Every structure is written in structure tokens, then in C-alpha cells.
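The values are calculated or read from the model by the stated rules, or taken from the named source; none is laboratory data. Computed from a predicted structure; not experimentally measured. Cβ coordinates were reconstructed from backbone atoms using ideal geometry, including for glycine residues, and neighbour counts include every protein chain displayed. Protein only, heavy atoms only, side chains kept; ligands, DNA and RNA dropped before computing areas. Shrake-Rupley method; radii C 1.70, N 1.55, O 1.52, S 1.80 Å.
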Amino acid sequence: MNSPKLFVLSSVAGGGKSTLIQKLREKHPEILFSISSTTRAPRPGDKEGVTYHFLSKEEFEKGISNSAFLEWAVVHDQYYGTPLKFIEEAFQKGASVIMDIDVQGAKIIKEKLPKKIVTIFILPPNEKEWERRLRGRGTDSEESILKRIKNGKLELERQDEFDFKIVNDDLEKALNELEKIVFSNSN
Ligand code: ADP
Ligand code: 5GP
């Protein structure tokens, strides 16, 4: 990869971003994953410093004051942000980075670094399957699921702001499409 890029995946909760990023990185570990910071509580399966950096509200707000985030947003009532230092260091090494952030963050980051960013929206195949996957994941309370579905409907309205869209019906097919986008936009 000659020119490192930042591949930004967004979707509704349960759209399949994390699954696709994990699968892509199993095949291409040279693409680095940007670990976000968040104030939300860890869910089953979360690991500090692997899935997220879990911060208190005070720690996160200090990070905002110190310009430690490339972008940050309030999503589902919690802070989420992209640590700037990691992205700078990856680019210095010539490494591309993949990350998942919400639609507000994707817009901010695209405006900040237009030539370095490729934005991709992941779509569930239909509403019924989307809800099935979200519930089937078994990591969210019913209240949180209902909030994510409500937010998700607003996020779906913004899908055309993205450079690419992938319908995540068959996982292998969606992964193939993601690989094609990544490798054809890395120069
Ligand atoms: P997100 O990171 O966008 O919130 P996840 O990657 O956690 O979404 O996916 C939500 C759930 O759907 C997970 O349980 C995952 O295993 C499942 N899933 C993802 N993609 C597919 C697919 N193509 N077919 C069936 N299940 C899928
Ligand atoms: P979750 O709590 O389900 O892991 O993530 C909730 C939402 O926050 C998802 O849409 C996810 O993409 C988004 N998100 C995760 N990290 C960041 C980040 O660093 N910045 C922004 N803006 N959103 C993020």
C-alpha cells in the first residue's frame, strides 16, 4: 500500500461493521484497527484496550480539552472518539487503518482529511433480518435495542453521504466487496 488511507465503516447497530472488520483483519493484519475511546460500560466480550479504551466522563472530557481526538461524538448518550495519536503514528509508518464510527463522526473525519479517508456504509439486507441480528447478538438490553433501532432509522437516511455502500447479506460476499474497496483505494 503506497499511500496509507483511513477506511471508515459506519452502519446501523447490528449492521455487521465489527464482524466485517474482524474478518478483514484476519486476512490482512497489516491493516491496523483504530481502537476508539468511549464512556459506555463494557459489554460481555469487550476488552479494555482491544475493543475500546474505556474512560470515565471526566477522562474523556479532558481528552477533548487536550485535542486528543481526531473526532468525537455523543452516540446513544455516551461519548465516543478516535484517538489522534494512533492515526498519526500509523500514517508515519505508512500503514492503513480501518475503524468503525457513527455517521456524525464519519462526516467530521471526511471533512478534516478528505484525501485520506474512504467512507463505507454497511447495510443490513432488510429490517427484519437487522432486528434478528441485533437481538441475536445478545449483548444489549431491550431498552438499548429499541434506542439503537430508533437511531438506526435516522442513520439509514444518511447512507448516501458515504463513498461506498455494502449490503451485508451473505458475509463472504460482503467481505469480498470490502476487500475490493480497500485494495482499489490504497494507492
Ligand atoms: P455492528 O458492529 O455493526 O454493530 P456486528 O458485527 O456486531 O454489528 O453484527 C451484529 C450481529 O449480526 C452479530 O451477532 C454478527 O455475528 C451477525 N452478523 C453480521 N453479519 C452477518 C451476516 N452477513 N449474516 C448473518 N449474521 C451476521
Ligand atoms: P457500540 O457501543 O455498539 O460499540 O458503538 C455504538 C456506535 O458508536 C457505533 O455506531 C460505532 O460505530 C460508534 N463509534 C465507535 N467508536 C467511535 C468513535 O471513535 N467515534 C464515533 N464518532 N463513533 C464511534
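If you go through segment 128-137 one residue at a time, do you hit one that is open to solvent by 30 Å² or more (accessible area, probe 1.4 Å), within 12 Å of ligand 2 (Cβ to nearest atom) and closer than 23 Å to Leu175 by Cα?
For segment 128-137, residues open to solvent by 30 Å² or more (accessible area, probe 1.4 Å), within 12 Å of ligand 2 (Cβ to nearest atom) and closer than 23 Å to Leu175 by Cα: present.
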Filter segment 159-187 down to the residues that are touching a strand residue (DSSP E or B) at 6+ places or on another chain (Cβ under 6 Å) and among the charged types (D, E, K, R), then identify the one that is most open to solvent (accessible area, probe 1.4 Å). Lys165
Under 6 Å by Cβ, and 6 or more places apart or on different chains, what pairs join a residue from segment 58-74 that is farther than 17 Å from Ala106 by Cα with one that is at pLDDT below 95 and surrounded by 18 or more Cβ atoms within 10 Å (Cβ to Cβ)? none
Of all residues in segment 122-136 being within 17 Å of the chain's Cα centre (by Cα) and not in a helix (DSSP H, G or I), the one that is farthest from ligand 1 (Cβ to nearest atom): Leu123
On the given criteria, is Asn168 at pLDDT 90 or above, closer than 21 Å to Phe7 by Cα, touching a Pro at 6+ places or on another chain (Cβ under 7 Å) and among the polar types (S, T, N, Q)? yes
Ile31 vs (1) more than 26 Å from Gly152 (Cα to Cα); (2) in contact with a helix residue (DSSP H, G or I) (Cβ under 8 Å, 6 or more places away or on another chain); (3) open to solvent by 40 Å² or more (accessible area, probe 1.4 Å): all pass except (3)
